[in-house]
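One structure is given below, encoded as structure tokens.
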Amino acid sequence: MSGQIHYEVFARKTPQSGWALQMALEDRDGAIAAAQDMLTTRHAAAVKVTKEVFTDGEFRSYVLLTEGAPETKSKLKVAPLTDSVCTAPQDFYTKHARERISRVLEDWLKRQGVTAFELLHRPDLAERLDASSNELTHAIQKIAVPEAQETSASVHELMRRWTALVDKAIARVVADGRRKLFPDLDLSRDILPQIAKIAAQPERGYVLGGAVAKLMAVERSPARKLAHLTALVTAVTHVSPGDGPDLSWAREVIEVPVAELFAKRNGLGEIMGTDLDPGQGMAILARMVVGDAVEKIGTIDAHILSVLPPTPDHLEAFGGLIRQGHFHDLRSQSVRNMLSELRGVKRLKPGDPMAEIDLLRALAMALTAGCAEEHERDDIGNAFIERSKMLVSSPFIESLLDGVDDAIEGIERLLWLSENIAGPVNKKQAARWLMSSLTAQKFERDLRDPKRPAGAKLAQLATLQKRVAKAQLSEADAEAARTKLGQIGHLIAQDVHLIAHIVRGAKSPMQRVMALLSFATAQAGPEGPLSEDAKTEVMKQLRSADVRAALMGDPQGLMTLRPLLVRAGLAA
């Protein structure tokens, strides 16, 4: 049955600390991948994944994976039973507690089509959860077991305490519902007097939360729930400071369910009411969270505006609040969503590798420019390094080069990839793919095909050499790539007797020297043996009488040649 088997991910922050539950998932591979991600990104010193099987009225635990630093034994300290995250029903409403509830009751909440915020404020949901004793016992055990491992307290004692606390919380919200503590909000009327009435309550945040939960209960669709929340937050935001009572507390209450809707798996797709690939979702979140940075970058590179299009109208209200400095939790949640996708294994733009590279480039610029906190920048950098590992993997490279018949286009795609990945190890792997293509017989065969104009091929090779420099490969890898391109260019020039053809075909001595200098300076062809041959021929031509006479009779032409001679290293 669903929910009777799950997988728990534990982590130790340091070798000395104890195991702490990080998440509980129904997917075995997802749990293992999440644990390994925490280890590789250095968010934990060690990780462990266990399989929890509910049989004969209790859970049996089986360890599937243990990786990381070995545990350093230290004397266990028994924490007092009051030393816990939650000691009273009101503690369940804190941010940390809500996140824990969302994890341990993820399946149940998904089946009900609700969030933890709604559960904590709706009497009908509290009674429904209380009636599903197996689900509740399961959730409590997910909390009690890791706490017992951390404190060496008895699991059964902890479960009894947590059960009593949960019972009190359920009884509280049910009793408040029966005495009609939570009012009905009417969006068709002015919302401000209704909120002002709630503000007079001793627990105004709790009461408004109940009213908001009742409003959300009318709809099951996340998109429709968000529409009601948008109307509420728009009403309280349009009150200017000094024109009325401070409503920042109301915005904070409304932000909680908004952030939870975005935090759900495929939450953005449900909010948009359509299937989104991960890349589309990230583009929407990036524009919502760092829209100002995107606009500024767009004045320099307009392409980013097409890759990260404007925020959809029904999300713009939240984007505006974030830009005004409000909704910090929603902003943080959206950034976490994007980083989670970057660290994941799913393709962001399935079937379109070039679009995926474009998206990652735009996201890297936008997030780096828009996130000023140092810890966020570090997390962003690490996430892009993780994503770059996937970009240099065999499946992605095969997808990138699939259907590409032109050898030059294949190299251009690999260089575009190299320019837009992060991390020295990934740059090294990209260089291997690049050299594999450059040294392949197909590349040389296609480039030396006599049906293709030699001049165009040499100009393309010169451009590729310049792009190698932009790719920021290691010095050795970049030099190897430039050398290979130079060698291919020299073979093409030899095939068509390029230098001799220039010398014989030029209409004037000035044209002859100019043409040779375009190759000597690696403008019309790649740097390497060809440019050296061109330099040698230039020196030979400058010593000839007819060229010297032509230059002496054309001072303006000589002035034009001088910068090229300096660039070629033939003049000071």
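Coordinate-derived values only; no laboratory data. What you are looking at is a predicted structure, and each value in this text was computed from that prediction instead of being measured. Cβ sites come from the backbone with ideal geometry, for glycine too, and all protein chains shown count toward neighbours.
Per the Kirkwood formula on distinct C-alpha pairs, the Rh of region 298-342 is how many angstrom?
It is 12.0 Å.
What is the helix-to-structure angle for 475-495, meaning the angle in degrees between its Cα long axis and the longest Cα principal axis of the chain, kept from 0 to 90 and rounded to the nearest 10?
It is inclined by approximately 40 degrees.
How compact is region 89-261 by the rule of thumb for globular proteins, expressed as Cα Rg over 2.2 N^0.38 Å? Working shown, then result.
Numbers: Rg = 17.3 Å, N = 173, 2.2 N^0.38 = 15.6 Å.
So region 89-261 has a normalised radius of gyration of 1.11.
Based on alpha-carbon positions alone, could you give the equivalent ellipsoid semi-axes of region 5-68 from the gyration tensor, as √(5λ), descending, whole Å? Provide the component values of the computation, followed by the final result.
Details: eigenvalues 93, 32, 12 Å².
Taking √(5λ) for each eigenvalue gives 22, 13, 8 Å, largest first.
Give me the percent relative contact order of region 497-567, please, defined on Cα pairs under 8 angstrom at least 6 residues apart.
On the way: 55 pairs, mean separation 20.7, N = 71.
Here the relative contact order equals 29 percent.
When we measure straight from the Cα of residue 180, which aspartates and glutamates land under 17 angstrom away, once same-chain ones fewer than 8 places off are left out?
118, 124, 127, 203
When only alpha-carbon atoms are used, what values of Rg and Dmax, in angstrom, describe region 487-572?
12.4, 38
Using only the alpha carbon atoms of region 339-463, find the Kirkwood hydrodynamic radius as the inverse mean reciprocal pair distance, in angstroms to one decimal. Before the final figure, lay out the partial values.
Working: mean 1/r = 0.0629 Å⁻¹.
Over region 339-463, the inverse of the mean reciprocal pair distance is 15.9 Å.
Regarding region 392-496, what whole-number volume in Å³ per residue does the convex hull of its Cα atoms give? Please list the in-between numbers first.
On the way: hull volume 8.8 nm³, N = 105.
It comes to 84 Å³ per residue, whole-number rounded.
List the trypsin sites (Lys or Arg not before Pro) within region 423-453 that DSSP assigns to loop and that have no more than 10 neighbouring Cβ atoms inside 10 Å. The partial results should precede the final answer.
Values: sites: 427, 428, 432, 442, 445, 448, 451; in loops: 448, 451.
When the trypsin sites (Lys or Arg not before Pro) of region 423-453 are filtered for loop state and at most 10 Cβ neighbours within 10 Å, 451 remain.
Using all C-alpha to C-alpha distances in the chain, build P(r) with 10 Å bins and read off the rounded percent in each one.
3, 14, 19, 19, 15, 10, 8, 6, 4, 2, 0
I'd like the distance separating the alpha-carbon centroids of region 170-186 and region 284-330, in whole Å.
A separation of 38 Å, based on Cα centres.
Identify, among 175, 38, 392, the residue whose Cα sits farthest towards the positive end of the charge dipole of the chain, taking +1 on the Cβ of Lys and Arg and -1 on the Cβ of Asp and Glu, with the dipole about the Cα centre.
Farthest towards the positive pole: 392.
How far is helix 555-567 tilted, in degrees, relative to the longest principal axis of the Cα atoms in the chain, given as a value from 0 to 90 rounded to the nearest 10?
Long axis of 555-567 versus the principal axis of the chain: about 50 degrees.
Could you put 365, 514 in order, starting from the residue whose Cβ has the fewest other Cβ atoms within 10 Å?
Numbers: 365 20, 514 17.
The fewest-first ordering by Cβ neighbours comes to 514, 365.
Would you mind checking the pairs 349/442; 451/507; 427/535; 349/466; 427/457 and listing those with alpha carbons more than 32 angstrom apart?
Details: 349/442 29 Å; 451/507 26 Å; 427/535 34 Å; 349/466 28 Å; 427/457 27 Å.
Violating the 32 Å Cα-Cα cut-off are 427/535.
If one puts a single equal scatterer on every Cα of region 237-360 and applies the Debye formula without solvent, what log₁₀ I(q)/I(0) results at q = 0.18 Å⁻¹?
-1.00
Taking Cα pairs under 8 Å and at least six residues apart, what relative contact order does the chain come out at, in percent? Walk me through the numbers before you get to the answer.
On the way: 696 pairs, mean separation 40.0, N = 572.
Relative contact order of the chain: 7 percent.
How far is helix 248-263 tilted off the main Cα axis of the chain, in degrees rounded to 10, range 0 to 90?
70 degrees
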